[in-house]
1. Checking Glu26 against (1) in contact (Cβ under 8 Å) with a residue 60 or more places away in the chain; (2) under 24 Å from Leu171 (Cα atoms), which test does it fail?
2. Could you pull out the residue among Phe31, Phe76 that is in contact with a helix residue (DSSP H, G or I) (Cβ under 8 Å, 6 or more places away or on another chain), aromatic (Phe, Trp, Tyr) and buried (at least 18 other Cβ atoms within 10 Å of the Cβ)?
3. So, of the residues in segment 188-207 that are assigned to a strand (DSSP E or B) and among the aliphatic types (A, V, I, L, M), which turns out to be nearest to the chain's Cα centre (by Cα)?
4. For segment 157-216, enumerate the residues that are under 23 Å from Lys51 (Cα atoms), surrounded by fewer than 16 Cβ atoms within 10 Å (Cβ to Cβ) and among the β-branched types (Val, Ile, Thr).
5. With the structure loaded, tell me whether Ile147 is under 14 Å from Ile104 (Cβ atoms), crowded, with 16+ Cβ neighbours inside 10 Å and either over 17 Å from the mean Cα position of the chain (by Cα) or not aliphatic (A, V, I, L, M) (or both) or whether it fails that test.
6. Quickly run through segment 119-163 and pick out the residues that are among the aliphatic types (A, V, I, L, M) and touching a strand residue (DSSP E or B) at 6+ places or on another chain (Cβ under 8 Å).
7. State whether one or more residues within segment 95-105 are crowded, with 17+ Cβ neighbours inside 10 Å and among the basic types (Lys, Arg).
8. On the given criteria, is Leu112 in contact (Cβ under 8 Å) with a residue 40 or more places away in the chain and surrounded by 18 or more Cβ atoms within 10 Å (Cβ to Cβ)?
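Throughout, read-outs are computed from the coordinates displayed, never taken from laboratory work. Small disclaimer: the values here were computed from a predicted structure and weren't measured. For neighbour counting, all protein chains shown are included, and Cβ atoms are generated from backbone atoms with ideal geometry for every residue, glycine included.
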Amino acid sequence: MEPIRISYFSDILCVWAYIAQIRLDELKATFQDKIEIDLHFVSVFGNAREKLEKNWRDRGGVPGYSSHIHEVGKKFDHVTIHPDIWADVRPPSSLSCHLFLHAIRLLEIKGLVPTSEKIFEQAAWAFREAFFARVMNVSDRNVQCAIAKDLGLPIAAIQEQIDSGEAYAQLSKDFDLVKEHTVSVSPTLIFNEGRQRLNGNVGYRVIEANIRELLHNPPGEQSWC
């Protein structure tokens, strides 16, 4: 039986995606080769500063959003939220992160780094952790290169993927998928060729139940429920 394919859309600057990483890890450990999770990006924070200033104008502005992030973080003891989150360091856009990460993904695709180490997934988590736990401006190319260097990645090869336009092409594919599936929330999980989706802060058991239903009733087979 072919593995269940799950398209997972998230934004690097989204706190709910940061919190949800533990759920993805648990899914992989539980279902192993029965599922394949394809990571994609949706730019909820493509224009982060203006978005927060506008959406939180009547709720304390960006400082109000910072307080909101802390309140969210208190509910989940498996993540660390820095006291100064969205305070002095306010990344202007997640697009820069997504582009850089796609460049890293291309290194995997081309066999320029060991695929067994899942470098792309490691890097995506490293970017989230760098922002939320250490308030590093992950929109900044120098910061991105520093994170990549810590992971032992070849900076020149990453830059080549960006300079050649290939990383932009991969990011554009994500834009197309976002439009095709009308994704507007981070994170979003899409199953069964777009016929099922889970948006936002969805608990692990709900995600697990959806996967088990697909495993027991494969796409193409009818189920009364």
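1. (2)
2. Phe31
3. Step one: list which residues in segment 188-207 are assigned to a strand (DSSP E or B), which gives 188-191, 196-199.
Checking which are among the aliphatic types (A, V, I, L, M) leaves us with 189-190, 198.
Details: Leu189: 11, Ile190: 14, Leu198: 15 Å.
If we take residues in segment 188-207 being assigned to a strand (DSSP E or B) and among the aliphatic types (A, V, I, L, M), then Leu189 is nearest to the chain's Cα centre (by Cα).
4. Thr182, the sole residue that qualifies.
5. no
6. Correct list: Ala124, Val135, Met136.
7. Looking for residues that are crowded, with 17+ Cβ neighbours inside 10 Å and among the basic types (Lys, Arg), one finds at least one in segment 95-105, hence yes.
8. In short, no.
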